[in-house]
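Student: I have a structure here, written as structure tokens, and I will follow up with some questions on it.
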Amino acid sequence: MKKYFLLFVISFSFIAKGFADEGMWLPQLLAALNEKEMKKMGMKINASDIYSISKGSLKDAIVSFGGFCTAEVISDKGLLLTNHHCGFDAVQNHSSLQNNYIRDGFWAYNNGQELQNPGLFATFIISIDEVTAVALKGVTTNMSERERQSAIDKNIAEFRKTIKKESYQDILIRPFFEGNKYFMFVTETYKDIRLVGAPPSSIGNFGKDTDNWMWPRHTGDFSMFRIYAGKDNKPADYSPDNVPYKPKRSLNISLDGMKEGDFTMVFGFPGRTMEYLHSAAVEQTMNVSDPAKIGIREKALQVLNVFMRKDEQIKIQYAAKYAGIENAYKKWKGEVLGLRSSDAVGRKKELEASFEKIVLAHPSMNVAYADLLKKLEQAYKDIEPYAFARDYYTEIIAKIELFGFAANANAVVTAFNKDEASYKKSVTEVSERLDGQFGEYNATVDQKLFEVLMEMYVKDQKEENVSPLLKKMLAENGNSYAALAKAVYSQTALTDLGKLKKILSGIGTTGIQSVTNDVAAALYTDIFKTYVTNVSAKLNELQANINQLQRTYMQAQMDVFNKKTFYPDANSTLRLTYGNVKGYKARDAVAYNYYTYLDGVMEKYKPGDYEFDVPQKLIDLYTKKDFGPYGVNGKQPVCFIAANHTTGGNSGSPALDGYGNLVGLNFDRVWEGTMSDINYDKNICRNIMVDIRYVLFIVDKFAGAKNIIAELKLVSKKSK
């Protein structure tokens, strides 16, 4: 027993150190799990001020913005603040050569000038409750993954019938800890969201590709929207009669700024993390999966960059798509760098060795978890070639929009073969979707993407995973990918919106043949069939095994290291993370401070440059030092960093001080720390935030939007 106890203490010390200063915590559990530590670190409010169902709390000012970002309510008139890149698609949709809001920015100086955005929504969390016992009722360990999920789905479906909620509320039930626990979220979603303001991209996306995921950063990454509601303040579809939403809580804004060591919180909807993986999974990500996706996106970006630099119309059409491709591309490059430099695989193996020693020393654990690590290692080895083929298929198909049009056409055919009602519904839905897609489409650009990416699809994969029809067509075109692309795009009807809609709306037998016989539709169908037959069937089987093993391993870690408080991986549900403002040492002889200023913008400024040009008015304000109340000692703060554990989905999340006041807007992470989704390292993982004073400076002094400033409540740190 003495030997076991000593081993446990040593092992637990390692684990506690490994998990320090990180976490994405469920807000309803803060009082029980985190409040004491948070106050020790500098929090001045109580956990009940962050999350409460009996009174207005900070959670009532936080929304899921469109399901892909976070935003916060910053006025009693429903004004929302989020990132520029989160609102970028809306800005792009309203832009044209005549009204180029991407280039020039957009500001509504009264409510009547605000622009509606069909499809955009903001979701509030009303309450969160654990429902594990309900979800897992009757679930046993000897069930297959399919049987287990079926039982859970039935349990949840029956439970939903018993839940009392308002007609305008929804219920989300999500798995946590790899399905070992379940939580229920009662939500309210507002669907009338209007654009209020966005700076020019030269401010909102200053530094673009070069500075993305980098520190020091000098980007005013923000935009503003407004929630509109029915006259009863409840969710309502768009109507000119709707009124600005009156929130339960809006955030106060502090002008005090931050200093090193200050406590910070980030509240939002982080998308996906995988902190509890086996070392084999981390190794596969680092050496196989990420490099494959990086290679494909690098080729796609090269193609888009050439066209966008030559043609302003194409630049507008492809701006959001380019940003999306580049964002993940650079993130994965940083992730690989970080995983290697932090010896993530070695750290995981050290943890696993500690885990195994404790399991072997404890009879009951040995019975439950014998050979678990070996099974996981073998499972990841088995899935590796199929995972590579999956990444190649999904990355390449998604970049070639012609295949997306083919998939839409096939969906209408499938609906036609089902029944008339399904067909009519499908035609309407697909037609609406195509209108949006073709507004941002250029067939010449897409043809070049096809040419470049199809070559990778053929040459970089196992031959059995390549479409036989593609190989046949390639041979018929002299094995020239350029000739193949020209042949496909000159013969297909799917790149012409008018022709495509005509085919779909009068589909009949002739229409079905038009889709089936179309060269692009036929090619897409064969590529899809090859993938389903040779890859996805086996992949799904192997993934189901990994899911079961990973769920067991998650529970095993909580059992073995039972003195540790575990936080669940991010899954796009409401979370709070906290830390302190601090710089970091990136590598040997390279150390970074925690603040940047407008001086740095001017140091990077390059007249006429795609990434580093700035508006003349900003230069004039800087030259005059006309910063208003937002500057400090003759300098204008721009961005700062802190050790808050964030990920995708946290874009737009509020950075709050110890009093719960808004001090910044989260928008990025430092490049060396992007591996934090898999391996958080407190020494180099930092989140990047726009200082709220820079946001206010741009709104007030640059845009002259005094109407917006008048809505806000500016406070000192002593105010809650």
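The values are calculated or read from the model by the stated rules, or taken from the named source; none is laboratory data. Please read all numbers here as calculations on a predicted model, not as lab measurements. Note: ideal-geometry Cβ built from the backbone for every residue, glycine included; neighbour counts use all protein chains shown.
Student: Please enumerate the residues belonging to the range 180-218 that are in contact with a Lys or Arg (Cβ under 9 Å, 6 or more places away or on another chain), surrounded by 21 or more Cβ atoms within 10 Å (Cβ to Cβ) and in a loop (DSSP other than H, G, I, E, B).
Tutor: Matches in the range 180-218: PRO200, PHE206, ASN212, TRP213, TRP215, HIS218.
Student: Right, here's the next one. Taking TYR594 as meeting all but one of (1) crowded, with 20+ Cβ neighbours inside 10 Å; (2) under 15 Å from VAL266 (Cα atoms), write down the number of the exception.
Tutor: (2)
Student: Under 6 Å between Cβ atoms, which residue pairs at least 6 apart in sequence (or on different chains) link something in the range 206-219 that is farther than 14 Å from LYS606 by Cα with a partner that is surrounded by fewer than 21 Cβ atoms within 10 Å (Cβ to Cβ) and among the hydroxyl-bearing types (Ser, Thr, Tyr)?
Tutor: Here the result reads TRP215/TYR592, each pair linking the range 206-219 to a residue that is surrounded by fewer than 21 Cβ atoms within 10 Å (Cβ to Cβ) and among the hydroxyl-bearing types (Ser, Thr, Tyr).
Student: Cβ-Cβ under 7 Å, sequence separation 6+ or interchain: first residue in the range 322-348 and over 24 Å from ASP446 (Cβ atoms), partner at pLDDT below 95 and small (Gly, Ala, Ser). Which pairs?
Tutor: From the range 322-348, the pairs are GLY338/GLY673; ARG347/GLY18.
Student: Would you check if ALA493 is modelled with pLDDT of 95 or more, crowded, with 16+ Cβ neighbours inside 10 Å and among the small types (Gly, Ala, Ser)? Step through it out loud before you land on a result.
Tutor: Numbers: modelled with pLDDT of 95 or more: no; crowded, with 16+ Cβ neighbours inside 10 Å: yes; among the small types (Gly, Ala, Ser): yes.
Taking the combined requirement at face value, the residue does not satisfy it.
Student: Here is a further query. Whether any residue in the range 487-496 is outside any helix (DSSP H, G or I), without any contact (Cβ under 8 Å) to a residue 24 or more places away in the chain and over 30 Å from the mean Cα position of the chain (by Cα) is what I want to check. Before the answer, list the steps.
Tutor: Taking the range 487-496 and keeping what is outside any helix (DSSP H, G or I), we get 492-496.
Next, only the ones that are without any contact (Cβ under 8 Å) to a residue 24 or more places away in the chain stay: 496.
Next, only the ones that are over 30 Å from the mean Cα position of the chain (by Cα) stay: 496.
Yes, that holds for at least one residue.
Student: Could you tell me whether LYS472 is surrounded by fewer than 19 Cβ atoms within 10 Å (Cβ to Cβ), in the same structural domain as VAL367 (by TED's automatic domain parsing), among the basic types (Lys, Arg) and free of Cβ contacts under 8 Å to residues at least 24 places away in the same chain?
Tutor: yes
Student: Another question, if that's okay. Give the range 421-442 a look and list any residue that's of a type outside the set (S, T, N, Q), assigned to a helix (DSSP H, G or I) and surrounded by fewer than 16 Cβ atoms within 10 Å (Cβ to Cβ), or say none.
Tutor: Matches in the range 421-442: ALA421, LYS424, LYS425, GLU429, GLU432, ARG433, ASP435, GLY436.
Student: Related question: Restricting the range 288-334 to residues that are closer than 19 Å to LEU97 by Cα and of a type in the set (Phe, Trp, Tyr), which is farthest from the chain's Cα centre (by Cα)?
Tutor: It comes out as PHE307.
Student: Pull up the range 257-282, narrow it to residues that are farther than 18 Å from MET675 by Cβ and part of a loop (DSSP other than H, G, I, E, B), then point me to the one that is nearest to the chain's Cα centre (by Cα).
Tutor: PHE269
Student: Condition first: in a loop (DSSP other than H, G, I, E, B) and in contact (Cβ under 8 Å) with a residue 40 or more places away in the chain. Now tell me which residues in the range 220-245 satisfy that.
Tutor: Scanning the range 220-245 gives GLY220, ASP221, PHE222, LYS234, PRO235, ALA236, ASP237, TYR238, SER239, ASN242, TYR245.
Student: Sticking with this structure for a sec: Taking THR162 as the residue in question, decide whether it is in contact with a Ser or Thr (Cβ under 9 Å, 6 or more places away or on another chain) and surrounded by fewer than 12 Cβ atoms within 10 Å (Cβ to Cβ).
Tutor: No; evaluated as a whole, the condition is false for this residue.
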